[in-house]
Amino acid sequence: MHQFTPQRIMGLREHIVQAVKALLDARKNQYQLDLVQDFAYPLPVTIICRLLGVPPEDEPRFRVWSSALVRTLDPTESLSEAEVREATQSRTQMREYMEKLCATRRAHPQDDVFSGLVVGDDPNGRLPESDLLATMELLLIAGHETTVNLITNGMLTLLRHTDVLNRLRRNPDVLAIPTVEEVLRYDPPVQFRTRTTLTDVPIAGVTIPQGASVALLLAAGSRDPARFADPDRFWPERDDNEHLGFGGGDHYCVGAPLARLEAVTALKALARRLEAPRLDADPPPYRRNAALRGPEHLQVAFERLND
């Protein structure tokens, strides 16, 4: 998307740093946190709302809507009637909210993604309102739930590999980016996506017919021993790490730069500020979603919170 410029994303850096700091400062004089509910869950929705131009006081509503809508993304899960009603209600409420925000931004544009899409400074032309609302829904879910899982999977993996955690703590500016890239390969937040074949596709002696629905196992591809040396080893220093954590081609994740920036900032801060962190339970309970992988809760104990 034209609105996701490097300048706009990097302009959020200080907001991300301050949001991370505020979430951790809230745990002062405490010795335990649920990394999901207390940290990883509120962080991305705060940032994506800032990017879209949603007022801070409305952020809690977006958390509720995102939680309800993300369950609809799992093609392997049959939702209960109550869950379907909740998702439908959340989608309706969010679209009504966005319609009002759309009218406000059209009358009074600001320096945010929503204004850019509404006013239509994209060289490809302004989006129809129905497409605009669908895009906002996608950005909310993609910008929230997947980043929650990236941060949580990253810290869980580091707590299981304390040698890497200690190296990250000593050398954050050197190791933070490759650590996030290795998490995206080793335990990605998106396990698989579905696609539709445009033509007949011969593969491994089998022809997948045109128009077939295909599940692409991104996580399996990122551990392919024919592609990665020692694929089951968590190794941030590996030389060649062209993983599938953000998909690829025309469907490459448009929010990848933002997710990377949030995860790098979060893991650097967690490694530095949590003194002697340890898992309370391993394995932790996981979310009921085959497509999006991440713990539902991640209880982490620590000796103190560093400044």
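Among the residues of segment 31-44, those that are in a helix (DSSP H, G or I) and closer than 14 Å to residue 156 by Cβ comprise 35, 36, 39, 40. Sub-7 Å Cβ pairs linking a first residue in segment 127-140 that is over 17 Å from residue 47 (Cα atoms) to a second residue that is of a type in the set (S, T, N, Q), at least 6 apart or interchain, are 127/135, ordered by first then second residue.
Against the definition (touching a Lys or Arg at 6+ places or on another chain (Cβ under 7 Å), of a type in the set (D, E, K, R) and under 30 Å from residue 267 (Cα atoms)), how does residue 185 come out, yes or no? Here the answer is no, as residue 185 does not meet what is asked.
In the set (1) among the hydrophobic types (A, V, I, L, M, F, W, C); (2) modelled with pLDDT of 85 or more; (3) under 30 Å from residue 215 (Cα atoms); (4) crowded, with 20+ Cβ neighbours inside 10 Å, residue 82 fails one condition alone, (4). The residue of segment 61-111 that is nearest to residue 149 (Cα to Cα), among those that are β-branched (Val, Ile, Thr) and in a helix (DSSP H, G or I), is 70. When 21, 28 are screened for being of a type outside the set (Phe, Trp, Tyr), more than 21 Å from residue 156 (Cβ to Cβ) and assigned to a helix (DSSP H, G or I), only 21 passes. Does residue 291 qualify as being more than 20 Å from residue 18 (Cα to Cα), touching a residue at least 24 places away in the same chain (Cβ under 8 Å) and of a type outside the set (Asp, Glu)? It is true that residue 291 is more than 20 Å from residue 18 (Cα to Cα), touching a residue at least 24 places away in the same chain (Cβ under 8 Å) and of a type outside the set (Asp, Glu). Just one of the listed residues (233, 223, 238, 260) is without any contact (Cβ under 8 Å) to a residue 24 or more places away in the chain and either surrounded by 17 or more Cβ atoms within 10 Å (Cβ to Cβ) or of a type outside the set (Phe, Trp, Tyr) (or both), and it is 233. Number of residues in segment 13-45 that are within 16 Å of residue 261 (Cα to Cα) and modelled with pLDDT of 90 or more equals 15.
Got at least one residue in segment 45-52 being under 16 Å from the mean Cα position of the chain (by Cα) and over 26 Å from residue 105 (Cα atoms)? For segment 45-52, residues under 16 Å from the mean Cα position of the chain (by Cα) and over 26 Å from residue 105 (Cα atoms): absent. Applying the set (1) closer than 30 Å to residue 171 by Cβ; (2) surrounded by fewer than 18 Cβ atoms within 10 Å (Cβ to Cβ); (3) not acidic (Asp, Glu) to residue 212 leaves exactly one unmet item: (1).
Taking the criterion of being closer than 30 Å to residue 301 by Cβ, of a type in the set (A, V, I, L, M) and exposed (fewer than 13 other Cβ atoms within 10 Å of the Cβ), the only residue of segment 1-49 that qualifies is 22. Can you name the residue in segment 110-128 that is closer than 18 Å to residue 6 by Cβ and modelled with pLDDT of 80 or more and is also surrounded by the fewest Cβ atoms within 10 Å (Cβ to Cβ) among such residues? Among those residues, the one meeting the criterion is 111.
Filtering segment 187-208 for residues that are out of contact with any strand residue (DSSP E or B) (no Cβ under 8 Å at 6 or more places or on another chain), of a type outside the set (S, T, N, Q) and under 19 Å from residue 240 (Cβ atoms) leaves a non-empty set.
Return yes or no: is residue 41 hydroxyl-bearing (Ser, Thr, Tyr), touching a residue at least 60 places away in the same chain (Cβ under 8 Å) and closer than 23 Å to residue 135 by Cα? Before you say what the answer is, go through the steps one by one.
Values: hydroxyl-bearing (Ser, Thr, Tyr): yes; touching a residue at least 60 places away in the same chain (Cβ under 8 Å): yes; closer than 23 Å to residue 135 by Cα: yes.
For residue 41, the condition - hydroxyl-bearing (Ser, Thr, Tyr), touching a residue at least 60 places away in the same chain (Cβ under 8 Å) and closer than 23 Å to residue 135 by Cα - is met.
The values are calculated or read from the model by the stated rules, or taken from the named source; none is laboratory data. No experiment lies behind these values; they were computed from the predicted model shown. No Cβ is skipped: glycine too gets one built from the backbone with ideal geometry, and neighbour counts run over all protein chains shown.
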